[in-house]
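Everything on this sheet refers to the single structure shown next.
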Amino acid sequence: MIKLLILFSLILVPLAVSSKNVSGCQIYTEKYNKIYRLPNKLLTSISLVESGMVKGKTINSWPWSLNINDKKKYFDNKKDTLIFLKKSLQKNRNIDVGCMQINYKFHGHNFNNLDHILNPEENVKYAAKFLKKLFKRHKSWNEAISRYHSSEPIRKKRYLTKVKNFWDKLRQRKININHTSNQNLNENKIKYFR
């Protein structure tokens with residue numbers, strides 16, 4: 001009986017750890033949306049604009065994504081993303097990273113290293129703090145959402161429209177998102193939003 005329990009625990013422990021390591025963005029956007037008392041579904045809506053993809057009838061944010069010079073790059077795993085990010089940073093520091101597309105040039109100093117900024121939970125947690133800070137400064141969710149992306153008026157307006165579109169659909173349950181931690185992060189990309 002003891003041997004069976006040991007064998008069972010050896011099998012389950014690595015599975016639990018690996019499933020936590022590959023958790024999707026949505027788990028964290030919902031978690032930190034509540035912790036930072038952001039409007040319902042706002043953080044998830046932003047993540048869908050930033051790194052969203054559609055697979056069948058489900059939409060998901062993609063943690064292994066970068067934006068370099070307004071060109072989105074999607075990778076199958078964290079390792080490939082880190083390799084490409086390290087190479088790219090040698091030429092350009094203005095790179096958006098991960099679930100929430102955190103800009104490395106302006107926010108990278110708030111992370112311990114590249115692995116830290118690419119970690120889905122840390123990436124989303126930082127975005128929630130940053131969005132809350134923007135709201136406190138500007139006293140408006142529309143302004144906070146817009147400035148999350150840019151301070152240029154035209155870009156702010158376009159971005160706010162995109163986020164509001166997702167936000168409305170999410171709150172009305174017109175689109176489905178995958179909330180499970182074991183979403184298949186190795187799925188090939190189908191269609192991306194930007």
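The values are calculated or read from the model by the stated rules, or taken from the named source; none is laboratory data. Worth saying up front: this structure is predicted, and the values here are computed from it rather than measured. The protein model used for the area step is the full one, side chains on, heavy atoms only, and it has no ligands, DNA or RNA in it. Shrake-Rupley method; radii C 1.70, N 1.55, O 1.52, S 1.80 Å.
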Mind running the shape call on segment 29-92? Use the C-alpha gyration tensor, a ≥ b ≥ c as the square roots of the eigenvalues: rounded below 1.5 for a/c, prolate if a/b tops b/c, oblate otherwise.
prolate
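Could you check how much of the accessible area of segment 50-122 is carbon and sulfur, as a whole percent, using a 1.4 Å probe? Could the numbers behind the result be given before it?
Values: 1630 of 3600 Å².
The computed percentage sits at 45.
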Area accessible to solvent at LYS73, 1.4 Å probe radius, in Å²
80 Å²
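For the pairs LYS79/LYS139; LYS71/LYS133; LYS133/LYS164; LYS133/LYS162, note any where the Cα-Cα span goes beyond 31 Å.
Working: LYS79/LYS139 39 Å; LYS71/LYS133 28 Å; LYS133/LYS164 19 Å; LYS133/LYS162 21 Å.
LYS79/LYS139, as the Cα separations exceed 31 Å there.
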The set of residues whose placed amide H lies less than 5 Å from the amide H of GLY52, leaving out same-chain residues fewer than 5 positions away, is TRP62, PHE193
Can you list the residues, at least 5 places off or on another chain, whose amide H is less than 5 Å from the amide H of ASN103, using H built in the peptide plane?
VAL97
Just by accessible area at a 1.4 angstrom probe, what is the order of LYS157, LYS55 from largest to smallest?
LYS157, LYS55
Under 15 Å Cα-Cα from LYS57, which aspartates and glutamates qualify once same-chain neighbours fewer than 8 residues away are excluded?
GLU187
